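Here's the structure we're looking at; comments come further down.
Read-outs: derived from the displayed coordinates by stated rules, not from any lab. Only a predicted model underlies this, so the values are computations on that prediction, with no experimental measurement involved. Please note: Cβ atoms are built from the backbone with ideal geometry, for glycine as well, and neighbour counts cover all protein chains shown.
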Amino acid sequence: MPLEVSSNGSASATTGEAAVPSCPTTPEHGAPRAARPAGRPRTRDLAEVFGREPELIAACLQDAEQASPASRRQVLAAARQAVARYPNYADLHYHAGQAAVATGEVELAREWLDRALRIHPDYKDALLLAARVERTRDRVQEAERLLQRALAVGADYPDVHVLLGQVCAAQGRWADARRAYHRALELNGRLTAARDALARLPGGEDERGTP
């Protein structure tokens with residue numbers, strides 16, 4: 001199952017976060033390019049920018065989607081350098097995890113997200129992205145544990161409940177899956193993913209649902 005990360009940098013489009021600013025390597029940001037010392041690699045410059053403003057990693061990933069795989073790899077390389085320079089910033093590890101996911105470096109993403117959560121255990125976006133990563137690896141129990149942690153700190157979003165329903169269904173817990181999908185529809189009655197998932201569930205309540 002491919003893992004998708006939204007362009008606003010979160011695992012949920014319903015978190016209400018403001019749009020991220022443009023990547024500093026885009027044409028309208030000529031000043032940072034002009035200020036770069038002669039012979040200094042652009043990746044190093046970008047790493048310093050990421051260290052100061054980690055959310056720019058998401059903006060650069062969005063730009064890189066329209067460029068080339070090499071552009072995404074450059075974002076990852078800069079994120080790697082930034083993490084090495086600033087090892088104690090939860091935001092930086094989370095956004096670096098996005099870059100790792102975008103380039104298919106799932107184990108690296110897991111490492112960085114784990115570090116983000118060690119620094120900030122209640123970091124909702126990191127919990128949600130980590131859950132999605134674990135879901136793609138078919139580690140459904142770990143994904144569920146992370147989702148429950150996210151819900152406990154306020155991540156009561158429709159798509160989170162859809163994902164929770166998916167991981168419960170993957171364990172054959174139809175009753176729990178059904179509750180999760182119903183909660184998603186309570187929050188967003190137009191959510192087709194939840195309606196379709198409900199329709200696919202086996203009829204009746206199973207005996208493995210939690211009370």
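State whether the range 145-206 is rounded, prolate or oblate according to the following rule on the C-alpha gyration tensor (a ≥ b ≥ c being the square roots of its eigenvalues): a/c under 1.5 gives rounded; otherwise a/b larger than b/c gives prolate, and the remaining case gives oblate.
oblate
Loop-only check: which trypsin sites (Lys or Arg not before Pro) in the range 108-209 are DSSP coil with at most 10 other Cβ within 10 angstrom? Please report the intermediate quantities before stating the final value.
Values: sites: Arg110, Arg115, Arg118, Lys124, Arg132, Arg135, Arg137, Arg139, Arg145, Arg149, Arg173, Arg178, Arg179, Arg183, Arg190, Arg195, Arg200, Arg208; in loops: Arg137, Arg139, Arg173, Arg190, Arg208.
Those satisfying the criteria are Arg190.
Under the Karplus relation 6.51 cos²θ - 1.76 cosθ + 1.60, θ = phi - 60°, what is the ordered set of whole-Hz ³J(HN,Hα) values for the range 183-199, x standing for Gly and Pro?
5, 4, 6, 4, 7, 8, x, 9, 6, 4, 4, 5, 4, 5, 5, 4, 5
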